[in-house]
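Structure, as structure tokens:
The values are calculated or read from the model by the stated rules, or taken from the named source; none is laboratory data. Note that the coordinates shown come from a computational prediction; the quantities given were computed from them, not determined experimentally. We place every Cβ from the backbone using ideal geometry, glycine too, and count neighbours over all the protein chains shown. In case anyone asks, the SASA skips ligands and DNA or RNA and just uses the protein heavy atoms, side chains included. Shrake-Rupley method; radii C 1.70, N 1.55, O 1.52, S 1.80 Å.
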Amino acid sequence: MKVLVVGPGGREHAMITSLLRDPHVSEVHAAPGNAGIAQDVPVHPLNAQDPEAVVALARELSADLVVVGPEAPLVAGVADALDAAGIPVFGPSREAARIEGSKAFAKEIMAAAGVPTARAVATSDMMQVREALELFGAPHVVKDDGLAAGKGVVVTQDRDRAEAHARECLDAGGSVVVEEFLDGPEVSLFVLSDGEHVVPLQPAQDFKRVRDGDEGPNTGGMGAYTPLDWLPEDFTREVVERVARPVVNELRRRGTPFTGVLYCGLALTPRGVQVIEFNARFGDPETQSVLAMLETPLGELLLDAARGRLDEERPLQWRPGASVTIVLAAHNYPGAPRRGDVISGLEEVNEVPETRVIHAGTERNDAGELVSAGGRVLAVVSLGADLREARERGYRGVQRITLNGSHHRTDIALAAAEGRIEVPTPGAAQHTATRGAATSMDGRPAASTAEEQA
């Protein structure tokens, strides 16, 4: 099988690394890739959001499968163009990708499918934003309705800051979703879908805030780990049955079947599992840890999804132990990152057992030096017998990298390794859980199904 991976970042490098381990995969190409990906496979300059250009390259390469990594090409309709050209593609259509492209649309789908989620108001009116902030109270959650590279969400106790974020989104011509805050540990679960069948991968947890202790602004993700031994035993089954399968069924009912990976961002609250958000692609940096643990050949899995033949009864194989991913970010990230800083020490990282570097924002300068070219520059991925060993190896690897002005979190997976994560026990509050809270573009909060029944 010859595979073309579309995208420039760490998620794509992690997928390529996993595809190269698949005995069914004879050749992997990337477009546009990055400096690290170029060390592993051929790369091709390409505008990933140009459907015609992607189709042309796939035809030129005689690709048996195209894997679309980032969200923007999916929302731009790249998967639709490939499908129309008869080229197997792992990634949802433009309409199905709206599950990520519009948070208001995602809320609409959840309401129709009866999926548990936070109450929310979708609006483009500042007065209605203020009314919703008052209704839900602090902590305030304000989300840019469209794509924002993981940085369009503000969660804050500061009412003025919440209003300022909403105003910034509205002034840019967009709309916002104001939500009630979901309190509890967060979990990411990737679910593969062929439009009808669903196959879950191993749950992971990521770290969105830029600084230790979950302080500072949101980022695209500063680290991740898997497995999550603190989860209830039936967690994955519950999410598949209450969240993923109903959403996939609803999209299929609407004539827009979802083929690809449905990223379920979840919170374990006193009301039970609640959906925070959906993405229409693998999440970064969770992908780095999850795929490092996957022993089932990835290319075969993705091709089965693309061709509508996922086998829900086929058990996936996973490595024993744990995986930890630590992101090294550029100076000033998540603000405008400084670019062009020279990177060194990567060869020394490879000397650490079961540890490798995944490239995200890297390129070569005119002198041929490896330099930073984005906000999240590198990720160090380590395996170990348990989280403690994986963490120790990962941070040993990070210390060998030199990147002027860079920063990283020092507490990735620490609470889990020390057994300090508490899962709320659903009690009486679960009977008033918000299921599929409807949203309204005129800003009127809709009552939850459970509240109406009460």
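Some notes on this structure:
- Coupling constants for the range 281-298 follow from the phi torsions by the Karplus curve (6.51 cos²θ - 1.76 cosθ + 1.60, θ = phi - 60°), and in residue order they are 7, 4, x, 10, x, 4, 4, 4, 6, 5, 5, 5, 8, 7, 9, 4, x, 6 Hz; glycine and proline get x.
- Residues in the range 229-244 carry Karplus couplings, in order, of 5, 7, 6, x, 4, 9, 4, 4, 4, 4, 5, 4, 6, 9, 10, 5 Hz; the curve used is 6.51 cos²θ - 1.76 cosθ + 1.60 with θ = phi - 60°, and Gly or Pro positions show x.
- Solvent-accessible area assigned to carbon and sulfur over the chain amounts to 46 percent, based on a 1.4 Å probe.
- Percent RCO, i.e. relative contact order, over the range 1-144, from Cα pairs under 8 Å lying at least 6 residues apart: 18
- Rounded accessible area per residue of the chain, 1.4 Å, Å²: 39
- Pairs of Cα atoms farther than 20 Å apart, the range 289-377, %: 55
- Computed [θ] at 222 nm, helices only, for the chain once each DSSP H run of length n ≥ 4 contributes -39500 (n - 2.57): -8000 deg cm²/dmol
- Only Cα pairs under 8 Å and 6+ residues apart enter the sum, and on that basis the relative contact order of the chain stands at 19 percent.
- Helix 159-171 and the long axis of the chain differ in direction by around 70°, with both axes built from C-alpha atoms.
- Ranked by how many other beta carbons lie within 10 Å on average, peptides 2-15, 340-353, 390-403, 257-270 from highest: 2-15, 257-270, 390-403, 340-353
- Label corresponding to percent of Cα pairs over 40 Å apart when calculated from the structure given, among (i) 17; (ii) 14; (iii) 34: (ii)
- For the chain, the longest principal axis of the Cα atoms and the long axis of helix 126-136 meet at an angle of about 80 degrees.
- When each of the peptides 246-254, 380-388 is scored by how many other beta carbons lie within 10 Å of its residues on average, the order from highest to lowest is 380-388, 246-254.
- The chain: Lys pairs at Cα distance under 23 angstrom, eight or more positions apart or on different chains: 9
- On Cα atoms only, tilt of 387-398 relative to the major axis of the chain in degrees: 60
- Summing +1 for each Lys or Arg and -1 for each Asp or Glu among the other residues whose beta-carbon sits under 15 angstrom from that of His359 gives -2.
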